[in-house]
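Structure first, then comments.
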C-alpha cells in the first residue's frame, strides 16, 4: 500500500513540477519519515483505549459548567485550563489576553396574549438589547421573505422568521440557518419591526431554544431579538394559521462594558525543531444555557488529550505540539483573532493547525489546505487515519473557526471532519450537557488528533504556511 | 372462529354455573350480538383513516396550551371542551363542578454556590410552598436511603434523592419513581431538611424537569421541593462526588385559595337503552410546563373522536356512549372523585368505563374487570380489537386514574393498555407538546376506543358494575 501511494505521489510530484515549471524555487516535497509512520499504530490504540479526553471534558463541564465569555465562570475556566495543562505535564503553559465587549443575559420571557394566551419558550440572541415589546406577529417562511418586506410594513410589529434548518452530517444546514439569526434582526428593523423572533437554528424537537450571536447593522436601533424553541415555533405558526396573534417579549440583557479573558496555551516541546509549531485546539468559552459539552469542551478535551498522549511518548516528535484553548469564540472569534494578531510574524513557524469545534461525533474525513508539495504527506496522514474509519477527502471543508483568522493570513490548516448529524440538536441550547457525549466516539477523535498532530510534527518539510501577502505575489 | 368462541363461552357458562351453583340468582351471560360484531370492521377502518383524534388534540394544545387546574387557561379549556362537544354533534353536553384548592407556580431557580457556581434547571413540585433556602446538599441514592436518615441528620441541609426511574412499556417504573416525589419531601422534613431536591421521575436526558404533585404529611411544615432535570441531577451527583456542595433554591409558588373547574361531559345517546352508559374519557387539565399533549389532550382527542365516529353511524348502539373530560386529575383526581360522588347512585347504570391517560402510544393490550358472566363478551371485544394489533391480556392492569374512585365503588372498568416506553421522557415536562404525537398511533387508539365502546354499548347483559357494598355481601 505504501509503495503504491508513493508511486502516486511521485507521479503527482512530477505533475506539480510540470505545472509550476516557471517557478524559480520549487519547494521541497514534504514527507513523513517511516519511523514516525511506524509509531502510529501504538499511539492510535493507546488513544482509543484512553478515557483522558472524556475526563477533561467532564472536568470542565462539571467543575466550571456554563462559561459565557467575560463572566465569572469564564475566568474560572481560564484558571481551570491553566491548571489542567500544568497537571497534564505540558512543557510550557501561558495565557494571552483577549479583550471584547461583554454581553449579559439576565432574564427573558415570551407570551402569546389574548384568547390563546400562553407562554412561549424563547431565548435572547447574543447581542440582543433588553426591552419589553408587544405587538402583532408577522410570520415569514424564510429570510428571503423578510428581506422582501417593504420599509414600514412591520411598523409596531414583531417579525417571526419560521425557517426550518436542515439536518446534515457536515452541518451544511447551519449556513442558511444561522443567517436567519445574523441577518434577520437587521432586516426586520429595516421593515419597521419593534422585535424579532425566529425558529431556532436547530434540528431537534425539544423545548430548548438555540441562542447564538447576532449583529445589528450600523445605523439601526437594535430591538429585542430572540429564538423560539422548535416546538414553540411550531405552536406560534399554528396559532397564526388560526388568526392574528399578539405577543409580548420581555428581555433583560445587553452589552455591559469591556472584559478581558485569555487564550490559554500549552506546548509539548518538539525534540529537534521546537520553534516549529503544529497547533491544535478548541474554544474554552461557551454559551450560558448549557454546560458547553459539545460546544466546545469536547474540542478542549480532544486536543488536550491528544497532545498529552504525544507528550507521553518516549520520544517527542521534532516539532512542538501546541494546544490553544481559545477565548470567546462564540461572540465573534475574539480569541482566534487575538492569536492571529499576536503571532502575525510567526505564520511560517506555525506549520499547520486544526481545530476541533463541531461536537463529539466521530471523525469521518480528513482534508487540508496542503499545496502540491505537501500532498504526499497529506496522503500519509490519511493512510494513518484510515484504520479509525476516516477517509481522505481532499478539497473539502475549511479551517475551524478560531484558526480561520490566522488561516486568512496564510496559515496552513487541516480538518478532521466530525459527524455532525445530531450536532444542531444540542448546539447553543440548555441541552448541551455531558450526557450527550459518547465516550467511545470522543476517544476516536482523540486518536485522530493524536495521529494527525504527531505526524505533522514529525514531517520533513512544510505544509504551506506562508504570509498571505507572499502567496499573492 | 365465532362458532368456536361461542362453544368456549358455552363451556365457561356451564363452568360458571357449576362454580356458583349455591347462588340464588345466576347472572345472565353477557353477549355481543352478531350484528354489532359485523359492524366493527367498517368502524375500525373509518377510525384508522380519520384525522379527528389528532385534530382535537391539536386544537386543545394549540388554542388553549398549558391548562393548570384552576388557572385562567383551565377555564378556557372547559369552554373549549364544551364547544368542541357541541361542534361534534354530541346529543347532550353539560358540565359538573369540581372544587379544589388552587396551586400556582410563579418562578423557580436553583444554583450551586461557591467554587463550582452554576445554575441548576429545576421545577417546583406541585404543592411545594414558596421560599428561598440555602444549604449543603446531602445525596441519597434512593428513597429508602432517605427514609433511613435519622431525625436531625439533615438539619439546615437540603436532601437530594438521586433515584433513576426505569423505562418500561407498561410504565411500571413510575411506581417507585413517583414515590420519590410523593414521599420524599415529608421524609426529608422528618430528618430536618430545609429543602428537597430529586432527580426527575423521568426516563429522558433533556434539560426539562418533570413536575408532579407532592403532599406533605400532616403536622409537618412544608419546605421548598423541586425536581432537577435528569442532566442536572447527573451534574449535581458529579459535583457531590468532588466534595461538599451548597445550593440555593428559590421558589415562588404555593396554594392560593379555592377554585372551581368542571368535568365536561358529552353523550352520544343510546338507541334503545339510553339510560345505560358506557363511559370513556381523559382529563382536561394539564401541568403548566408543557401543553399537555400526551398528558392528556391525547386522551381527550382519542375518546371524543371515538364517540363521534360512533355517533356518525346510521344506527347508534343500544347504550349511551359518554365522554368525560375530567377536571384536575393532576393534583389529586378531583374530577374523578367528583364524578363518582355525583353519580354514586348510578353505578349499575354505568355499564363499564375506560380512560385514556397514558399518552399517545399504540394500544397493545385489552383487559377488564369483567366477572365470569361477562368474560365471553370480553373475548368478543378482544377479537374485534385483534386486527389493531391488540392482545387480550385478562388479569392485567387496572382502571385509569379518573375512573378509579368510581371503580372503587363498584364500577366495571376496561383497560386499553398503551405502549408507554417513551411516555416518561415527556410526562409533566415542558417537552409535552404536540410534535411528540404520531398521528397514526393516535388513530389506532381512536379505533380501539371506538370498537370497545361500540361493542360494550351494544352488549346484551352487563359487565359487572354493582355497588361495592353489594359485592362484598
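Please report the antiparallel percentage of the DSSP beta bridges confined to the range B:342-473, to the nearest 5. Show your work: numbers first, answer last.
Working: 5 of 8 bridges.
Bridges in the range B:342-473 are about 60 percent antiparallel.
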>> Measuring nothing but label to label, 7 Å from Cα along Cα→Cβ, what are residue A:75's distances to the other copies in nm, shortest first?
In response: 5.0
>> Looking at the protein assembly as shown only, what percent of DSSP beta bridges run antiparallel? Nearest 5 please.
In response: 60 percent
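Label the protein assembly as shown by shape, choosing from rounded, prolate and oblate, from the square roots a ≥ b ≥ c of the eigenvalues of the Cα gyration tensor; if a/c is under 1.5 it is rounded, and otherwise prolate applies when a/b is larger than b/c, oblate when it is not. Intermediate results must be reported in sequence, preceding the final value.
Details: a/c = 2.13, a/b = 2.02, b/c = 1.05.
Prolate, because a/c is 1.5 or more and a/b exceeds b/c.
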>> Averaged over its residues, how many other protein chain Cβ atoms are within 10 Å of peptide B:53-61's Cβ atoms?
In response: 1
> Given chain B, what percent of its DSSP beta bridges are antiparallel, to the nearest 5?
Replying inline: 60 percent
>> Taking the beta-carbon count within 10 Å as an exposure proxy, list A:58, B:330 from fewest neighbours to most.
In response: A:58, B:330
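Using packing as a proxy for protection, rank A:387-399, B:121-133 so that the peptide with the highest average count of other Cβ atoms within 10 Å comes first. Before the final figure, lay out the partial values.
Details: A:387-399: 15.3, B:121-133: 22.4.
In descending order of packing, they fall as B:121-133, A:387-399.
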>> Apply the a/c threshold of 1.5 to the C-alpha gyration tensor of the range B:365-424 and tell me whether it is rounded, prolate or oblate.
In response: oblate
> Given labels modelled 7 Å from the Cα in the Cβ direction, how far is it in nm from residue A:28 to residue A:438?
Replying inline: 4.3 nm
>> Angle check, please: helix B:34-49 long axis (alpha carbons) against the longest principal axis of chain B (alpha carbons), in degrees 0 to 90, nearest 10.
In response: 40 degrees
>> Which of rounded, prolate or oblate describes the range A:284-415 when judged by the alpha-carbon gyration tensor and an a/c cut-off of 1.5?
In response: rounded
> For residue A:221, which inter-copy label distances result when the label point lies 7 Å beyond Cα on the Cα-to-Cβ vector, reported in nm to one decimal and in ascending order?
Replying inline: 5.1
> So what is the calculated 222 nm ellipticity per residue for chain A, using -39500 (n - 2.57) for each DSSP H run with n of 4 or more, over all residues, to the nearest 500 deg cm²/dmol?
Replying inline: -10500 deg cm²/dmol
> Hey, got the average number of other protein chain Cβ atoms within 10 angstrom for residues in B:231-238?
Replying inline: 4
> Taking the alpha-carbon centroid of each part, what is the distance from the range B:348-409 to the range A:32-48 in angstrom?
Replying inline: 65 Å
>> Using only Cα atoms and rounding to the nearest 10 degrees, what angle (0 to 90) does helix B:230-242 make with the longest principal axis of chain B?
In response: 30 degrees
>> As a check on your reading of the symmetry: which chain B residue has its Cβ nearest the axis that brings B onto A, and how far is it in Å?
In response: B:206, 3
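Cut-off is 10 Å between beta-carbons; in what order do A:45, A:190 appear when sorted fewest neighbours first? All intermediate terms of the calculation are to be shown ahead of the outcome.
Values: A:45 12, A:190 17.
Starting with the residue having the fewest Cβ neighbours, the order is A:45, A:190.
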> Nearest 0.05, what FRET efficiency do residue B:386 and residue A:408 give at R0 = 56 Å with Cβ-Cβ as r?
Replying inline: 0.25
> Relative contact order, percent, of the range A:320-473 when contacts are C-alpha pairs under 8 Å separated by at least 6 residues?
Replying inline: 36 percent
>> With the label 7 angstrom out along Cα to Cβ, how close does residue B:314 come to the same site in each of the other copies, in nm, nearest first?
In response: 9.2
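How many Cβ atoms of partner chains, on average, are near each residue of B:423-434 if near means within 10 Å of its Cβ?
Mean shielding by partner chains, rounded to a whole number: 3.
Rank the residues A:40, B:95, A:249 as a footprinting-exposure proxy: fewest other Cβ atoms within 10 Å of their Cβ go first. The partial results should precede the final answer.
On the way: A:40 22, B:95 17, A:249 27.
With the sparsest Cβ surroundings first, the list reads B:95, A:40, A:249.
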> Quick one: Cα centre-to-centre distance for the range A:113-168 and the range B:95-151, in angstrom?
Replying inline: 35 Å
>> I'd like the orientation of helix A:298-311 relative to chain A: the angle between its Cα long axis and the longest Cα principal axis, in ° from 0 to 90, rounded to 10.
In response: 10 degrees
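Values in this text are rule-based calculations from the coordinates and carry no lab data. These numbers were taken from a predicted model, which means no experiment stands behind them. Note that we place each Cβ from the backbone using ideal geometry, even for glycine, and neighbour counts take in every protein chain shown.
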